[in-house]
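Here is the structure we will look at, set down as structure tokens.
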Amino acid sequence: MHQASELVPWCRQETEARYVGRGEKIYQWSASYHDRGSTLYVDGRLRVEGRDVKVECRIARGARERYGAINIRDPKG
């Protein structure tokens with residue numbers, strides 16, 4: 001990946017897959033993205049079963065998707 005916008009679909013798919021795998025209903029996804037130095041970032045939000053889950057994804061510019069990192073902050077735990 002070379003642009004932060006390229007990270008958005010990957011971040012969404014990975015996050016949604018975690019909740020769908022648990023059998024939870026997912027709704028709206030929203031995200032913003034930026035880069036800082038050689039790192040690409042996505043700050044996302046997903047509605048899951050009526051709660052807002054915050055998601056942060058990051059990856060080094062030029063790295064493959066499998067090297068991306070995801071941090072999910074779910075109020076449910």
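The values are calculated or read from the model by the stated rules, or taken from the named source; none is laboratory data. Everything numeric in this text was worked out from a predicted model, so none of it was measured. Neighbour counts are summed over all protein chains in view; Cβ atoms, including those assigned to glycine, are modelled from backbone coordinates with ideal geometry. Side chains are part of the model used for accessible areas, which takes the heavy atoms of the whole protein and leaves out ligands, DNA and RNA. Shrake-Rupley method; radii C 1.70, N 1.55, O 1.52, S 1.80 Å.
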| field | Potential lengthening between VAL20 and ARG47 on full extension [0.36 nm per residue; Cα-Cα distance subtracted] | value | 8.5 nm
| Given ASN71, GLY44, HIS2, which one lies farthest toward the positive end of the charge dipole of the chain, if we put +1 on the Cβ of every Lys and Arg and -1 on the Cβ of every Asp and Glu? | ASN71
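Compute the Rg to Rh ratio over the chain from the alpha carbon atoms, using the Kirkwood formula for Rh, and round to two decimal places. Write down the numbers at each step before the final one.
Working: Rg = 12.3 Å, Rh = 12.5 Å.
Rounded to two decimals, Rg over Rh is 0.98.
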| query | When the accessible area of the chain is split by element with a 1.4 Å probe, what percent falls to carbon and sulfur? | reply | 43 percent
| request: Using the heavy atoms of the protein chains and a 1.4 angstrom probe, tell me the accessible area per residue for the stretch 4-73 in square angstrom. | output: 61 Å²
| query | Got the relative contact order for the chain handy, in percent, Cα pairs under 8 Å and 6 or more residues apart? | reply | 29 percent
| request: Could you pull out the GluC sites (Glu not before Pro) across the stretch 1-56 that fall in loop regions by DSSP (anything but H, G, I, E, B) with no more than 16 other Cβ atoms inside 10 Å? | output: GLU24, GLU49
